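Step one of this worksheet: look at the structure below.
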């Protein structure tokens, strides 16, 4: 498969919109020049995945993304033998494809994966830059363009779900947070084409919810959800209904928190 595989199918052809908040673009570019592995830390929906997509586009490199989950095995990352009409054949996993062909491999929410799975990335994150395929008896030397990027939300970490220090200290880190209000207003408007007056009201609701984090909410309203609400409004949905559907109902089942946020919505969208 590796002889005929076209890594260019993973290239991003259209520029993904990303609004820089600080010097994260320059920092990432510097890290990529020496192929440092990168860890992105920040709350859900604050732009980590969009940032990786933007950087892959900007650098002209293919991007292979893996959405990590608790059922993911090492074989899901590196590959496995499959049985077909002609016998058995080896199928590279996404990590192997990226290492073999020179893509950026993005492991999204890596702490969702089991720790015995994530240890397979260790040889790729130090001076060796190798990936052992034990089942195949092959040692891959990573392509010169290969880079490993992981992300996670520190707010969700606990003793049962966290990265080991032996993994964390293999990465350089970039920390993300929700954008400042004026920047976030611009992001919502740019993403959806909605007016800045409506975007400003949505951002105020988002900020109100984020102030409740730790006081009834595990996580605040993300920029992603603000974009969802703006998209519904753009489709002609009444703003109050759009906000309840996109901003409140997904994040809480607590009646008091729901009522508090619903009142904030009614106060901002009176018509």
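The values are calculated or read from the model by the stated rules, or taken from the named source; none is laboratory data. All values reported here derive from a predicted model rather than from experimental measurement. Cβ atoms come from the backbone with ideal geometry, glycine included; neighbour counts cover every protein chain shown.
Got a number for residues in region 26-58 being outside any loop (DSSP other than H, G, I, E, B) and surrounded by fewer than 16 Cβ atoms within 10 Å (Cβ to Cβ)?
Going through region 26-58, the residues outside any loop (DSSP other than H, G, I, E, B) turn out to be 26-33, 38-41, 48-58.
Of the ones still in play, those that are also surrounded by fewer than 16 Cβ atoms within 10 Å (Cβ to Cβ) are 26-27, 29-30, 33.
The number of residues fulfilling the criteria is 5.
From the list 208, 246, pick out the single residue that is at pLDDT below 95, surrounded by 14 or more Cβ atoms within 10 Å (Cβ to Cβ) and part of a helix (DSSP H, G or I). Spell out how you get there, then give the answer.
Values: 246 fails: at pLDDT below 95.
After applying the criteria, what remains is 208.
Give 152, 106 a once-over and let me know the one that is in contact with a strand residue (DSSP E or B) (Cβ under 7 Å, 6 or more places away or on another chain), at pLDDT below 95, assigned by TED's automatic domain parsing to the domain that holds residue 46 and crowded, with 18+ Cβ neighbours inside 10 Å.
On the way: 106 fails: at pLDDT below 95.
Sole residue among the options that is in contact with a strand residue (DSSP E or B) (Cβ under 7 Å, 6 or more places away or on another chain), at pLDDT below 95, assigned by TED's automatic domain parsing to the domain that holds residue 46 and crowded, with 18+ Cβ neighbours inside 10 Å: 152.
Count, please, the residues in region 160-191 that happen to be closer than 19 Å to residue 21 by Cβ and part of a helix (DSSP H, G or I).
If we filter region 160-191 for residues that are closer than 19 Å to residue 21 by Cβ, which is where we start, we get 172-191.
Those still in the list that are part of a helix (DSSP H, G or I) too: 181-191.
Residues in region 160-191 being closer than 19 Å to residue 21 by Cβ and part of a helix (DSSP H, G or I): 11 in total.
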Of the criteria (1) in a helix (DSSP H, G or I); (2) surrounded by 15 or more Cβ atoms within 10 Å (Cβ to Cβ), which one residue 237 fails: (1)
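The rows are residues; the columns are (1) touching a helix residue (DSSP H, G or I) at 6+ places or on another chain (Cβ under 7 Å); (2) in a helix (DSSP H, G or I); (3) crowded, with 20+ Cβ neighbours inside 10 Å.
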position	(1), (2), (3)
4	no, no, no
12	yes, no, no
17	yes, no, no
22	no, no, no
71	no, no, no
99	yes, yes, yes
